[in-house]
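For reference, the structure discussed in these notes is given below.
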(Lines give C-alpha, C1' and ligand atoms only; values in the text may rest on other atoms or scores of the structure.)
Protein backbone atom coordinates (compact mmCIF):
# COMPACT_ATOMS: atom_id res chain seq x y z
CA UNK A 1 0.00 0.00 0.00
CA UNK A 2 1.02 3.60 -0.51
CA UNK A 3 2.03 5.47 2.60
CA UNK A 4 -0.51 8.19 1.74
CA UNK A 5 -3.30 5.58 1.66
CA UNK A 6 -2.30 4.25 5.09
CA UNK A 7 -2.17 7.79 6.46
CA UNK A 8 -5.68 8.64 5.21
CA UNK A 9 -7.21 5.51 6.77
CA UNK A 10 -5.27 5.94 10.00
CA UNK A 11 -6.30 9.55 10.51
CA UNK A 12 -9.97 8.76 9.84
CA UNK A 13 -9.96 5.84 12.25
CA UNK A 14 -8.35 7.86 15.03
CA UNK A 15 -10.80 10.72 14.60
CA UNK A 16 -13.71 8.38 15.31
CA UNK A 17 -15.13 9.00 18.79
CA UNK A 18 -17.60 6.74 20.53
CA UNK A 19 -19.94 8.96 22.52
CA UNK A 20 -21.95 6.18 24.17
CA UNK A 21 -21.62 5.16 27.79
CA UNK A 22 -19.90 1.81 27.99
CA UNK A 23 -20.10 -0.98 30.51
CA UNK A 24 -16.82 -1.53 32.32
CA UNK A 25 -15.95 -5.14 31.58
CA UNK A 26 -15.02 -7.59 34.31
CA UNK A 27 -11.51 -8.03 32.91
CA UNK A 28 -10.74 -4.30 32.59
CA UNK A 29 -8.92 -4.11 35.94
CA UNK A 30 -6.90 -7.21 35.05
CA UNK A 31 -5.83 -5.61 31.78
CA UNK A 32 -4.83 -2.47 33.65
CA UNK A 33 -2.51 -4.51 35.85
CA UNK A 34 -0.88 -5.97 32.74
CA UNK A 35 -0.31 -2.61 31.04
CA UNK A 36 3.03 -2.17 32.80
CA UNK A 37 4.42 -5.64 32.16
CA UNK A 38 6.62 -6.29 29.10
CA UNK A 39 4.35 -8.90 27.49
CA UNK A 40 2.28 -8.46 24.35
CA UNK A 41 -1.37 -8.67 25.41
CA UNK A 42 -3.71 -10.67 23.17
CA UNK A 43 -7.44 -10.08 23.68
CA UNK A 44 -9.27 -12.82 21.79
CA UNK A 45 -12.93 -13.75 21.55
CA UNK A 46 -15.93 -14.23 19.29
CA UNK A 47 -16.96 -11.45 16.92
CA UNK A 48 -19.03 -8.63 18.42
CA UNK A 49 -18.42 -9.60 22.04
CA UNK A 50 -16.97 -6.16 22.77
CA UNK A 51 -13.23 -6.43 21.99
CA UNK A 52 -13.10 -3.19 19.98
CA UNK A 53 -15.03 -1.29 22.64
CA UNK A 54 -12.72 -2.65 25.34
CA UNK A 55 -9.73 -1.50 23.30
CA UNK A 56 -11.33 1.94 22.97
CA UNK A 57 -11.81 2.15 26.74
CA UNK A 58 -8.17 1.23 27.31
CA UNK A 59 -7.04 3.86 24.80
CA UNK A 60 -9.11 6.51 26.56
CA UNK A 61 -7.22 5.89 29.80
CA UNK A 62 -3.86 4.86 28.33
CA UNK A 63 -3.36 6.73 25.01
CA UNK A 64 -1.37 5.09 22.23
CA UNK A 65 -1.18 4.39 18.52
CA UNK A 66 -4.21 2.61 17.06
CA UNK A 67 -5.17 0.79 13.88
CA UNK A 68 -8.27 -1.32 13.16
CA UNK A 69 -7.48 -3.98 10.57
CA UNK A 70 -11.10 -5.04 10.14
CA UNK A 71 -11.40 -2.34 7.47
CA UNK A 72 -12.02 -3.24 3.83
CA UNK A 73 -9.68 -0.44 2.71
CA UNK A 74 -6.77 -2.40 4.23
CA UNK A 75 -7.35 -5.50 2.12
CA UNK A 76 -3.99 -5.01 0.37
CA UNK A 77 -2.09 -4.29 3.61
CA UNK A 78 0.75 -6.78 4.15
CA UNK A 79 3.51 -7.31 6.70
CA UNK A 80 5.79 -5.14 4.56
CA UNK A 81 3.49 -2.16 5.20
CA UNK A 82 3.96 -2.17 8.99
CA UNK A 83 7.09 -0.05 8.68
CA UNK A 84 5.15 2.60 6.71
CA UNK A 85 2.38 2.43 9.32
CA UNK A 86 4.88 3.01 12.12
CA UNK A 87 6.33 6.00 10.29
CA UNK A 88 2.84 7.49 9.90
CA UNK A 89 2.15 6.87 13.59
CA UNK A 90 5.18 8.93 14.60
CA UNK A 91 4.57 11.65 12.03
CA UNK A 92 0.92 12.18 12.95
CA UNK A 93 0.74 11.42 16.67
CA UNK A 94 4.25 12.02 18.07
CA UNK A 95 6.06 9.45 20.17
CA UNK A 96 4.00 6.97 22.17
CA UNK A 97 4.89 3.77 24.00
CA UNK A 98 1.60 1.90 23.47
CA UNK A 99 0.39 0.24 20.27
CA UNK A 100 -3.22 -0.97 19.86
CA UNK A 101 -4.14 -3.20 16.92
CA UNK A 102 -7.74 -4.37 16.42
CA UNK A 103 -8.51 -7.65 14.55
CA UNK A 104 -4.82 -8.09 13.77
CA UNK A 105 -5.29 -11.66 12.53
CA UNK A 106 -6.36 -10.24 9.17
CA UNK A 107 -2.69 -9.48 8.41
CA UNK A 108 -0.51 -12.48 7.71
CA UNK A 109 2.77 -12.60 9.71
CA UNK A 110 1.73 -9.66 11.92
CA UNK A 111 3.46 -11.32 14.88
CA UNK A 112 6.90 -10.47 13.43
CA UNK A 113 6.18 -6.75 13.67
CA UNK A 114 4.68 -7.17 17.14
CA UNK A 115 7.81 -8.95 18.28
CA UNK A 116 10.04 -6.18 16.91
CA UNK A 117 8.02 -3.58 18.82
CA UNK A 118 8.21 -5.62 21.98
CA UNK A 119 11.97 -6.12 21.57
CA UNK A 120 12.23 -2.32 21.31
CA UNK A 121 10.45 -2.09 24.69
CA UNK A 122 7.11 -0.94 23.30
CA UNK A 123 3.83 -2.17 24.76
CA UNK A 124 1.58 -3.96 22.26
CA UNK A 125 -2.10 -4.81 22.79
CA UNK A 126 -3.96 -6.62 20.02
CA UNK A 127 -7.35 -8.25 19.49
CA UNK A 128 -8.27 -11.24 17.35
CA UNK A 129 -11.27 -13.45 16.61
CA UNK A 130 -9.54 -16.75 15.89
CA UNK A 131 -8.04 -18.84 18.68
CA UNK A 132 -6.14 -21.29 16.47
CA UNK A 133 -4.47 -18.58 14.41
CA UNK A 134 -3.32 -16.76 17.52
CA UNK A 135 -1.94 -19.78 19.34
CA UNK A 136 -0.16 -21.19 16.28
CA UNK A 137 1.69 -18.04 15.18
CA UNK A 138 2.36 -16.79 18.66
CA UNK A 139 3.76 -20.14 19.70
CA UNK A 140 6.22 -19.99 16.82
CA UNK A 141 7.44 -16.40 17.01
CA UNK A 142 6.43 -15.03 20.40
CA UNK A 143 7.13 -17.85 22.83
CA UNK A 144 7.28 -16.40 26.33
CA UNK A 145 6.50 -12.90 25.09
CA UNK A 146 2.71 -12.73 25.24
CA UNK A 147 -0.27 -13.03 27.54
CA UNK A 148 -3.59 -14.18 26.07
CA UNK A 149 -6.92 -13.16 27.61
CA UNK A 150 -10.30 -14.29 26.26
CA UNK A 151 -13.25 -11.91 26.22
CA UNK A 152 -16.75 -13.41 26.23
CA UNK A 153 -20.16 -11.81 25.70
CA UNK A 154 -21.52 -10.08 28.82
CA UNK A 155 -21.42 -12.04 32.05
CA UNK A 156 -24.47 -11.83 34.30
CA UNK A 157 -22.65 -9.20 36.38
CA UNK A 158 -22.08 -7.13 33.24
CA UNK A 159 -25.68 -7.69 32.14
CA UNK A 160 -26.85 -6.17 35.44
CA UNK A 161 -24.55 -3.18 34.89
CA UNK A 162 -26.07 -2.79 31.43
CA UNK A 163 -29.58 -2.87 32.96
CA UNK A 164 -28.41 -0.45 35.68
CA UNK A 165 -29.47 -2.88 38.41
CA UNK A 166 -27.58 -2.42 41.68
CA UNK A 167 -26.95 -5.20 44.18
CA UNK A 168 -24.76 -6.17 47.12
CA UNK A 169 -24.52 -9.14 49.49
CA UNK A 170 -27.58 -7.94 51.42
CA UNK A 171 -29.63 -8.16 48.19
CA UNK A 172 -29.52 -11.96 48.40
CA UNK A 173 -31.62 -11.81 51.59
CA UNK A 174 -34.17 -9.17 50.54
CA UNK A 175 -37.34 -10.61 49.00
CA UNK A 176 -37.94 -7.85 46.42
CA UNK A 177 -34.29 -7.65 45.42
CA UNK A 178 -33.99 -11.42 45.09
CA UNK A 179 -37.04 -11.42 42.81
CA UNK A 180 -35.50 -8.67 40.68
CA UNK A 181 -32.20 -10.56 40.35
CA UNK A 182 -33.95 -13.83 39.51
CA UNK A 183 -36.16 -12.16 36.87
CA UNK A 184 -33.11 -10.44 35.41
CA UNK A 185 -31.29 -13.76 35.21
CA UNK A 186 -34.20 -15.38 33.36
CA UNK A 187 -34.04 -12.50 30.87
CA UNK A 188 -30.27 -13.00 30.58
CA UNK A 189 -30.80 -16.71 29.96
CA UNK A 190 -33.20 -15.87 27.14
CA UNK A 191 -31.31 -13.00 25.49
CA UNK A 192 -27.69 -13.85 26.21
CA UNK A 193 -24.89 -11.33 26.47
CA UNK A 194 -24.02 -9.87 23.05
CA UNK A 195 -23.89 -6.11 23.77
CA UNK A 196 -25.39 -4.83 20.51
CA UNK A 197 -28.26 -7.31 20.60
CA UNK A 198 -29.13 -6.22 24.14
CA UNK A 199 -29.19 -2.60 22.96
CA UNK A 200 -31.42 -3.24 19.94
CA UNK A 201 -33.36 -6.39 20.96
CA UNK A 202 -33.58 -7.05 17.22
CA UNK A 203 -33.32 -10.72 16.12
CA UNK A 204 -32.00 -9.54 12.75
CA UNK A 205 -28.80 -8.55 14.58
CA UNK A 206 -28.26 -12.16 15.70
CA UNK A 207 -28.87 -13.34 12.13
CA UNK A 208 -26.24 -10.90 10.82
CA UNK A 209 -23.80 -11.96 13.54
CA UNK A 210 -24.40 -15.63 12.78
CA UNK A 211 -23.90 -15.07 9.03
CA UNK A 212 -20.67 -13.12 9.62
CA UNK A 213 -19.17 -15.84 11.79
CA UNK A 214 -20.37 -18.67 9.56
CA UNK A 215 -19.13 -17.20 6.29
CA UNK A 216 -16.14 -15.04 7.24
CA UNK A 217 -14.67 -17.04 10.11
CA UNK A 218 -15.48 -20.58 8.98
CA UNK A 219 -16.54 -21.11 5.35
CA UNK A 220 -14.15 -18.59 3.75
CA UNK A 221 -11.26 -19.06 6.20
CA UNK A 222 -11.24 -22.85 5.84
CA UNK A 223 -12.45 -22.94 2.23
CA UNK A 224 -15.38 -25.21 3.08
CA UNK A 225 -17.23 -26.69 0.13
CA UNK A 226 -20.06 -28.24 2.11
CA UNK A 227 -21.85 -25.19 3.49
CA UNK A 228 -25.04 -27.17 4.15
CA UNK A 229 -23.37 -29.62 6.56
CA UNK A 230 -21.84 -26.84 8.64
CA UNK A 231 -25.19 -25.04 8.91
CA UNK A 232 -26.89 -28.27 9.94
CA UNK A 233 -24.20 -28.92 12.54
CA UNK A 234 -24.67 -25.45 14.03
CA UNK A 235 -28.44 -25.93 14.24
CA UNK A 236 -27.87 -29.35 15.80
CA UNK A 237 -25.57 -27.90 18.48
CA UNK A 238 -27.94 -25.01 19.25
CA UNK A 239 -30.86 -27.42 19.61
CA UNK A 240 -28.91 -29.93 21.68
CA UNK A 241 -26.78 -27.76 23.98
CA UNK A 242 -25.54 -29.66 27.05
CA UNK A 243 -26.31 -33.07 25.54
CA UNK A 244 -23.87 -35.94 25.08
CA UNK A 245 -22.75 -36.67 21.53
CA UNK A 246 -20.20 -38.72 19.63
CA UNK A 247 -18.60 -37.71 16.35
CA UNK A 248 -19.84 -40.95 14.83
CA UNK A 249 -23.48 -40.34 15.82
CA UNK A 250 -23.36 -36.83 14.32
CA UNK A 251 -21.81 -38.24 11.15
CA UNK A 252 -24.79 -40.55 10.77
CA UNK A 253 -27.55 -38.10 11.69
CA UNK A 254 -26.21 -35.25 9.54
CA UNK A 255 -24.82 -37.49 6.78
CA UNK A 256 -21.32 -36.04 7.01
CA UNK A 257 -18.76 -38.22 5.24
CA UNK A 258 -16.62 -39.19 8.27
CA UNK A 259 -16.18 -38.68 12.04
CA UNK A 260 -12.86 -36.99 11.25
CA UNK A 261 -14.71 -34.35 9.24
CA UNK A 262 -17.10 -33.81 12.17
CA UNK A 263 -14.10 -33.29 14.48
CA UNK A 264 -12.60 -30.79 12.04
CA UNK A 265 -15.89 -28.87 11.98
CA UNK A 266 -15.88 -28.69 15.77
CA UNK A 267 -12.27 -27.44 15.66
CA UNK A 268 -13.41 -24.63 13.36
CA UNK A 269 -16.23 -23.72 15.74
CA UNK A 270 -13.91 -23.66 18.73
CA UNK A 271 -11.35 -21.60 16.83
CA UNK A 272 -13.89 -18.81 16.31
CA UNK A 273 -15.31 -19.25 19.85
CA UNK A 274 -18.77 -20.23 18.62
CA UNK A 275 -19.14 -23.81 19.86
CA UNK A 276 -17.31 -25.98 22.39
CA UNK A 277 -16.99 -29.63 23.28
CA UNK A 278 -16.30 -31.00 26.77
CA UNK A 279 -14.81 -34.50 27.02
CA UNK A 280 -15.53 -37.19 29.57
CA UNK A 281 -12.72 -37.19 32.13
CA UNK A 282 -10.37 -40.10 31.64
CA UNK A 283 -6.84 -40.43 33.02
CA UNK A 284 -5.85 -41.93 29.67
CA UNK A 285 -5.61 -39.31 26.94
CA UNK A 286 -6.40 -41.92 24.29
CA UNK A 287 -9.59 -42.97 26.09
CA UNK A 288 -10.55 -39.32 26.54
CA UNK A 289 -10.22 -38.66 22.80
CA UNK A 290 -12.56 -41.53 21.93
CA UNK A 291 -15.03 -40.98 24.79
CA UNK A 292 -18.36 -39.21 24.46
CA UNK A 293 -18.47 -35.41 24.52
CA UNK A 294 -20.95 -32.75 25.61
CA UNK A 295 -21.62 -29.72 23.41
CA UNK A 296 -22.15 -26.07 24.29
CA UNK A 297 -22.65 -22.75 22.50
CA UNK A 298 -20.98 -19.42 23.28
CA UNK A 299 -24.24 -17.67 24.18
CA UNK A 300 -27.74 -18.72 25.27
CA UNK A 301 -29.33 -15.91 23.24
CA UNK A 302 -27.69 -17.27 20.10
CA UNK A 303 -28.72 -20.80 21.10
CA UNK A 304 -32.34 -19.64 21.40
CA UNK A 305 -32.13 -17.97 17.99
CA UNK A 306 -30.49 -20.88 16.13
CA UNK A 307 -32.03 -23.92 17.81
CA UNK A 308 -35.45 -25.46 18.16
CA UNK A 309 -36.43 -24.82 21.77
CA UNK A 310 -38.84 -26.66 24.00
CA UNK A 311 -39.88 -25.79 27.55
CA UNK A 312 -38.01 -28.80 28.93
CA UNK A 313 -34.77 -27.33 27.53
CA UNK A 314 -34.57 -24.68 30.26
CA UNK A 315 -32.27 -26.90 32.30
CA UNK A 316 -29.95 -27.36 29.33
CA UNK A 317 -29.71 -23.60 28.77
CA UNK A 318 -29.00 -23.21 32.47
CA UNK A 319 -26.17 -25.73 32.16
CA UNK A 320 -24.85 -23.89 29.09
CA UNK A 321 -24.71 -20.63 31.07
CA UNK A 322 -22.74 -22.36 33.85
CA UNK A 323 -20.31 -23.80 31.29
CA UNK A 324 -19.61 -20.38 29.76
CA UNK A 325 -19.02 -18.89 33.20
CA UNK A 326 -16.55 -21.68 34.02
CA UNK A 327 -14.77 -20.91 30.73
CA UNK A 328 -14.79 -17.23 31.67
CA UNK A 329 -13.16 -18.17 34.97
CA UNK A 330 -10.51 -20.11 33.01
CA UNK A 331 -11.34 -23.51 34.41
CA UNK A 332 -10.23 -26.76 32.78
CA UNK A 333 -13.57 -28.50 32.33
CA UNK A 334 -14.62 -32.13 31.95
CA UNK A 335 -17.73 -34.13 32.76
CA UNK A 336 -17.84 -37.41 34.65
CA UNK A 337 -19.79 -40.52 33.77
CA UNK A 338 -19.70 -43.88 35.47
CA UNK A 339 -22.94 -45.33 36.86
CA UNK A 340 -24.28 -41.77 36.99
CA UNK A 341 -23.37 -38.44 35.41
CA UNK A 342 -21.82 -35.33 36.95
CA UNK A 343 -22.13 -32.32 34.66
CA UNK A 344 -18.82 -30.58 35.39
CA UNK A 345 -15.62 -31.53 37.12
CA UNK A 346 -12.72 -29.09 37.23
CA UNK A 347 -9.07 -30.05 36.97
CA UNK A 348 -6.29 -27.87 38.34
CA UNK A 349 -2.85 -29.24 37.54
CA UNK A 350 -3.13 -33.00 37.93
CA UNK A 351 -5.96 -32.97 40.49
CA UNK A 352 -9.74 -32.72 40.21
CA UNK A 353 -10.66 -29.87 42.56
CA UNK A 354 -14.36 -29.12 42.02
CA UNK A 355 -17.58 -30.87 41.01
CA UNK A 356 -20.83 -29.28 39.81
CA UNK A 357 -24.28 -30.58 39.00
CA UNK A 358 -26.76 -28.33 37.15
CA UNK A 359 -30.53 -28.78 36.93
CA UNK A 360 -33.42 -26.38 36.51
CA UNK A 361 -35.15 -27.64 39.65
CA UNK A 362 -34.63 -30.50 42.08
CA UNK A 363 -37.81 -32.51 42.59
CA UNK A 364 -38.78 -36.04 43.59
CA UNK A 365 -38.34 -37.46 40.10
CA UNK A 366 -34.75 -36.27 39.58
CA UNK A 367 -33.41 -35.78 43.13
CA UNK A 368 -31.85 -39.23 43.48
CA UNK A 369 -30.24 -39.09 40.02
CA UNK A 370 -28.74 -35.60 40.48
CA UNK A 371 -27.40 -36.32 43.97
CA UNK A 372 -26.02 -39.74 43.06
CA UNK A 373 -24.15 -38.27 40.08
CA UNK A 374 -22.50 -35.67 42.28
CA UNK A 375 -21.75 -38.07 45.17
CA UNK A 376 -20.17 -40.57 42.76
CA UNK A 377 -17.81 -37.89 41.44
CA UNK A 378 -16.98 -36.61 44.94
CA UNK A 379 -16.07 -40.13 46.08
CA UNK A 380 -14.00 -40.96 43.00
CA UNK A 381 -11.94 -37.78 43.18
CA UNK A 382 -11.81 -37.61 47.01
CA UNK A 383 -13.60 -34.26 47.30
CA UNK A 384 -15.35 -33.19 50.50
CA UNK A 385 -18.07 -31.05 48.95
CA UNK A 386 -19.92 -30.38 45.72
CA UNK A 387 -22.36 -27.88 44.28
CA UNK A 388 -25.80 -28.32 42.73
CA UNK A 389 -26.84 -25.22 40.78
CA UNK A 390 -30.55 -24.66 40.11
CA UNK A 391 -32.69 -21.76 38.98
CA UNK A 392 -33.84 -20.69 42.43
CA UNK A 393 -33.35 -23.32 45.15
CA UNK A 394 -31.09 -23.18 48.20
CA UNK A 395 -30.18 -25.95 50.61
CA UNK A 396 -27.28 -27.71 52.31
CA UNK A 397 -27.17 -31.49 52.60
CA UNK A 398 -24.86 -33.96 54.30
CA UNK A 399 -24.87 -37.32 52.49
CA UNK A 400 -22.34 -40.12 52.97
CA UNK A 401 -19.91 -37.72 54.69
CA UNK A 402 -20.08 -35.35 51.73
CA UNK A 403 -21.41 -31.81 51.88
CA UNK A 404 -23.76 -30.84 49.04
CA UNK A 405 -24.60 -27.16 48.63
CA UNK A 406 -27.68 -26.30 46.57
CA UNK A 407 -27.56 -22.75 45.21
CA UNK A 408 -29.33 -20.60 42.60
CA UNK A 409 -27.23 -20.13 39.43
CA UNK A 410 -27.83 -16.37 39.48
CA UNK A 411 -26.37 -16.14 43.00
CA UNK A 412 -23.34 -18.24 42.06
CA UNK A 413 -22.74 -16.03 39.01
CA UNK A 414 -22.63 -12.92 41.22
CA UNK A 415 -20.17 -14.28 43.77
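The values are calculated or read from the model by the stated rules, or taken from the named source; none is laboratory data. These numbers were taken from a predicted model, which means no experiment stands behind them. Every residue, glycine as well, gets a Cβ built from its backbone with ideal geometry; the counts of neighbours run over all protein chains shown.
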Checklist entry - For the range 260-302, what are the residues that are farther than 30 Å from residue 376 by Cα, in a loop (DSSP other than H, G, I, E, B) and in contact with a strand residue (DSSP E or B) (Cβ under 9 Å, 6 or more places away or on another chain)? => result 273, 274
Item to check | Set 178, 199, 182, 191: member being in contact with a strand residue (DSSP E or B) (Cβ under 8 Å, 6 or more places away or on another chain) and either more than 30 Å from residue 124 (Cβ to Cβ) or surrounded by fewer than 16 Cβ atoms within 10 Å (Cβ to Cβ) (or both) | outcome: 182
Checklist entry - Are any of the residues in the range 351-359 assigned by TED's automatic domain parsing to the domain that holds residue 182, part of a loop (DSSP other than H, G, I, E, B) and touching a residue at least 12 places away in the same chain (Cβ under 8 Å)? => result yes
Item to check | Evaluation of residue 47 against (1) touching a residue at least 60 places away in the same chain (Cβ under 8 Å); (2) assigned to a loop (DSSP other than H, G, I, E, B); (3) out of contact with any helix residue (DSSP H, G or I) (no Cβ under 7 Å at 6 or more places or on another chain) (one fails), failing number | outcome: (3)
Next on the checklist: Out of the residues in the range 1-29 meeting the condition of being surrounded by 11 or more Cβ atoms within 10 Å (Cβ to Cβ) and closer than 18 Å to residue 155 by Cβ, tell me which one is modelled with the lowest pLDDT.
Outcome noted: 22
Item to check | Matching residues, the range 84-105, being more than 21 Å from residue 62 (Cβ to Cβ) and surrounded by 12 or more Cβ atoms within 10 Å (Cβ to Cβ) | outcome: 84, 87, 105
Checklist outcome for this item: residue 326 passes all but one of the listed conditions (1) under 22 Å from the mean Cα position of the chain (by Cα); (2) crowded, with 21+ Cβ neighbours inside 10 Å; the exception is number (2)
Checklist entry - When the residues of the range 138-153 are filtered to those that are under 14 Å from residue 40 (Cα atoms) and out of contact with any strand residue (DSSP E or B) (no Cβ under 7 Å at 6 or more places or on another chain), which remaining residue is modelled with the lowest pLDDT? => result 139
Next on the checklist: So, in the range 50-99, how many residues would count as being part of a loop (DSSP other than H, G, I, E, B) and under 30 Å from residue 301 (Cα atoms)?
Outcome noted: 4
Next on the checklist: Can you find a residue that is at positive phi and in contact with a helix residue (DSSP H, G or I) (Cβ under 9 Å, 6 or more places away or on another chain) anywhere in the range 4-15?
Outcome noted: no
Checklist entry - What is the one condition in (1) over 20 Å from residue 271 (Cα atoms); (2) touching a residue at least 60 places away in the same chain (Cβ under 8 Å); (3) surrounded by fewer than 19 Cβ atoms within 10 Å (Cβ to Cβ) that residue 205 does not satisfy? => result (2)
Checklist entry - Does any residue of the range 154-171 turn out to be part of a helix (DSSP H, G or I), modelled with pLDDT under 95 and surrounded by 14 or more Cβ atoms within 10 Å (Cβ to Cβ)? => result yes
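Here's the yes/no breakdown for (1) assigned by TED's automatic domain parsing to the domain that holds residue 242; (2) free of Cβ contacts under 8 Å to residues at least 24 places away in the same chain; (3) part of a helix (DSSP H, G or I):
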| position | (1), (2), (3) |
| --- | --- |
| 334 | yes, no, no |
| 346 | yes, yes, no |
| 365 | yes, yes, no |
| 368 | yes, yes, yes |
| 373 | yes, no, yes |
| 392 | yes, no, no |
| 403 | yes, yes, no |
| 406 | yes, no, no |
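Name every residue in the range 242-259 that is surrounded by fewer than 20 Cβ atoms within 10 Å (Cβ to Cβ) and part of a loop (DSSP other than H, G, I, E, B), in order of residue number.
243, 246, 255, 257, 258
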